[in-house]
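Okay, structure first, notes after.
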Amino acid sequence: FNDPSDREGLAHFLEHMLFLGNKKYPQPGGFEKFLSAHGGHSNATTNDEDTNFFFTVQDDYFKEALDRFAHFFISPSFYTDSVDREVNAVHSEYQKSLKNDGNRIYQVFKKTANPQHPIHKFGMGNKTSLLDADGKSKQLYQDLLKFYDQYYSANVMKLVLLGTESLDQMENYLKQSFSGIV
């Protein structure tokens, strides 16, 4: 719902960009590689009102995975050379959704909703809605940074931890890993 009207799908695009590395763990795809090596995986979903990021990992690697995860939100790299690839990834998800009857029905609902309500927006995004009018991504990148600064702050985020550690230990992990979020 918070996508700018001239950049529909920006929240979904940002979800993709956050997985690509950060200042502490700069390797693109490094988080997924770490999780995979330790019996886990990650994913995210962007819905009308929120984006949910989640991961699983073997218990012995939870603390390190949590720190890696936290740095998506503390110091994302937003590599400019990854923008076009991630626009293509969002567009590919859009293309796949075209054949899904549930998505088609939802799009009809959205398009027939009150045009003044944010549900009317095209939240998934594709190349047309994300790229600049000239088909480039220069302004998209600037809009991404602005959107991140506006909506990715501790006062509007929620976090759930689930692990085998005690509640006190989980609280310590939380403080150690996430206190750097503005």
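The values are calculated or read from the model by the stated rules, or taken from the named source; none is laboratory data. Since this is a predicted model, take the numbers as computed values, not measurements. In this analysis, Cβ positions are derived from the backbone assuming ideal geometry, glycine residues included, and neighbour counts consider all displayed protein chains. Heads up: the accessible areas ignore ligands, DNA and RNA and are worked out on the full protein's heavy atoms, side chains in. Shrake-Rupley method; radii C 1.70, N 1.55, O 1.52, S 1.80 Å.
Extension gain, Asn88 to Lys24, is 20.4 nm, computed as 0.36 nm per intervening residue step minus the present C-alpha separation. By accessible area, using a 1.4 Å probe on protein heavy atoms only, the chain has 51% of its surface on carbon and sulfur.
Helix 138-151 and the longest principal axis of the C-alpha atoms of the chain enclose an angle of approximately 60°. The distance from the alpha carbon centre of the stretch 57-115 to that of the stretch 1-39 is 7 Å, rounded to a whole number. The stretch between Glu49 and Tyr151, if pulled fully straight at 0.36 nm per residue, gains 35.6 nm over its current Cα-Cα span. Derived scalar couplings between HN and Hα for the stretch 11-25 equal 4, 5, 4, 4, 3, 4, 5, 5, 6, 8, x, 8, 5, 7, 10 Hz in order, rounded to whole Hz, by the Karplus curve 6.51 cos²θ - 1.76 cosθ + 1.60 (θ = phi - 60°), x for Gly and Pro. Give the residue from Tyr148, Ser166, Phe178 lying farthest towards the positive end of the charge dipole for the stretch 120-182; charges sit on Cβ (+1 for Lys and Arg, -1 for Asp and Glu) and the dipole is referred to the Cα centre. Farthest towards the positive pole: Tyr148. Inter-label distance, Lys111 to Leu174: 4.4 nm, where each label sits 7 Å from its Cα along the C-beta direction. Per-residue Karplus couplings for the stretch 110-117, computed as 6.51 cos²θ - 1.76 cosθ + 1.60 with θ equal to phi - 60°, are listed in order as 5, 6, 9, 6, 3, x, 7, 8 Hz, Gly and Pro entered as x.
In straight-distance terms, cross-link reach from Lys121 covers every one of the lysines whose alpha-carbon lies under 24 Å from its own, apart from those fewer than eight places away in the same chain; here that gives Lys96, Lys99, Lys110, Lys111, Lys136, Lys138, Lys146.
Per residue, the accessible area of the stretch 1-102 comes to 51 Å² when a 1.4 Å probe rolls over the protein heavy atoms.
In this structure, the amide hydrogen of Asn22, modeled 1.01 Å from its nitrogen in the peptide plane, lies closer than 5 angstrom to those of Gln27, Ser77, counting only residues at least 5 positions away or on a different chain.
Helix-only mean residue ellipticity at 222 nm, the chain, DSSP H runs n ≥ 4 weighted -39,500 (n - 2.57), per residue, nearest 500. What is it? Please list the in-between numbers first.
Working: 8 runs with 87 residues, N = 182.
Using -39500 (n - 2.57) per qualifying helix, the result is -14500 deg cm²/dmol.
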